[in-house]
Amino acid sequence: MTKNRLLTLAAALTLLFVLGHFYAKPLFAQVRAALIKNIDERARTPYQKTFDCNAGPNSPICFTSLPMVEPNNRLVLEYVSFSASCSTQPFVVLRGGIGSQNEWFFNPLRVPLTPLTLWTVAQPMTAFVEAGQSPQLTMQTSTLGCNIQGTVSGYLVDLSQ
């Protein structure tokens, strides 16, 4: 009877050793991965802002600023979409902020509607806006009274880590 117990104990210890050898490494890797903070994860701090800009009846230029990027952050813009109601094609530029050398130009596509014409842009992009800067959108056209509405989206990266 004691011989059976010794064999059972030896088999159980061997089984634990084999299971430990093959499963301990992935288990410890999962625990370690849970303790590491992924600061670049896109879904961690998503960013999406809408804008509405109206060129007045006396001006063919429309200008709007998005909120300033907070300290210790970097804004990564990944997508822009907008529509502009103008009779002529608008010239649209997105700047990374005051003093920024980053500029992105957009060539809107024409969607004919009656009685006005709609110009649209929907495109991916990669743009970086640093802390303390606020993205700025400027639209210029040869006609007065244009309106532009749109959305920019991306994510914030925490640089304090």
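Apply the Karplus curve 6.51 cos²θ - 1.76 cosθ + 1.60, θ = phi - 60°, to the phi angles in the stretch 152-157 and return the couplings in whole Hz, x for Gly and Pro.
Per residue, the Karplus-derived 3J(HN,Hα) values read 10, 9, x, 7, 9, 10 Hz.
By the scheme Lys and Arg +1, Asp and Glu -1, what is the net charge of all other residues having a beta-carbon under 15 Å from that of ALA131? Working shown, then result.
Working: positive: ARG74; negative: GLU70, GLU130, ASP158.
Around ALA131, the charge tally is -2.
Starting from the amide H of PHE91, placed 1.01 Å from N in the peptide plane, find each other amide H under 5 Å away whose residue is 5 or more places distant or on another chain.
Counting only residues 5 or more places away or on other chains, the set is GLN140, THR141.
Determine, from the Cβ-Cβ distance of THR88 and ALA131 and an R0 of 45 Å, the FRET efficiency 1/(1 + (r/R0)^6), rounded to the nearest 0.05. Can you show the working numbers first?
Numbers: r = 37 Å, r/R0 = 0.83.
For R0 = 45 Å, the calculated efficiency reads 0.75.
For CYS86, what residues show an amide H to amide H distance below 5 Å, using hydrogens built from the backbone and excluding near sequence neighbours?
Answer set, sorted by chain and number: THR117, TRP119.
None of the figures in this text is laboratory data; all of them are computed from the coordinates on show. These figures come from a predicted structure and were not determined experimentally. Note: ideal-geometry Cβ built from the backbone for every residue, glycine included; neighbour counts use all protein chains shown.
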